[in-house]
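Step one of this worksheet: look at the structure below.
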């Protein structure tokens, strides 16, 4: 049961940042006993994969200062976030008997995609300009993603509840907005 909760939390974290949760899981699997990855997911522990993920984070941070490059990278990350969610959901839920890897990956895509959609709608929401003036949203999202990934491994129940509450709030907001327009 803990693994499925961890899987939900990890895939939710990838909806904010595709690379940091993968890096966190890879580092925790390689250097601690908090998480054990089975094949093929154990590739995340490989030093080259960890270095690539770290490099992607650095490129992402540097690109945030160049609007044209950031726009292109955002399109790439739009595809990368659900893919990373699928990988982490499947990797974290590996010990659950009876759950096919394909079903686990579909769940990861849906959770990460839902968080990504919620993130995008919050950025476009009225009043979001205040967030942009007080701090760079990318920095806040990256920090939240890292904390969420750690919490998903260390405290999976509260993190899964938080992820589900976030998705529920986003869904409720969407229904409310549709009713207002009708």
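Key figures
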{"item": "Residue within the range 114-136 that is at pLDDT 85 or above and surrounded by fewer than 20 Cβ atoms within 10 Å (Cβ to Cβ) present", "result": "no"}
{"item": "Close pairs from the range 153-170: first on the phi < 0 side of the Ramachandran plot and free of Cβ contacts under 8 Å to residues at least 12 places away in the same chain, partner surrounded by 14 or more Cβ atoms within 10 Å (Cβ to Cβ) and in a helix (DSSP H, G or I), Cβ under 7 Å, at least 6 apart", "result": "158/151"}
{"item": "Single residue of 80, 61, 55 found to be surrounded by 11 or more Cβ atoms within 10 Å (Cβ to Cβ), farther than 18 Å from residue 112 by Cα and at pLDDT 85 or above", "result": "55"}
{"item": "Test for residue 143: is it at pLDDT 80 or above and surrounded by 14 or more Cβ atoms within 10 Å (Cβ to Cβ)", "result": "yes"}
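Okay, residues lined up against (1) touching a helix residue (DSSP H, G or I) at 6+ places or on another chain (Cβ under 7 Å); (2) crowded, with 24+ Cβ neighbours inside 10 Å; (3) within 25 Å of residue 116 (Cα to Cα); (4) in contact (Cβ under 8 Å) with a residue 24 or more places away in the chain:
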position	(1), (2), (3), (4)
6	yes, yes, yes, yes
13	yes, yes, yes, yes
17	yes, yes, yes, yes
22	yes, yes, yes, yes
28	yes, no, yes, yes
31	no, no, no, no
36	yes, no, no, no
40	no, no, no, no
46	no, no, no, no
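The values are calculated or read from the model by the stated rules, or taken from the named source; none is laboratory data. Predicted, not measured: the structure shown is a model, and the values here were computed from it. Note that each Cβ is placed from the backbone with ideal geometry, even for glycine, and that neighbours are counted across all protein chains shown.
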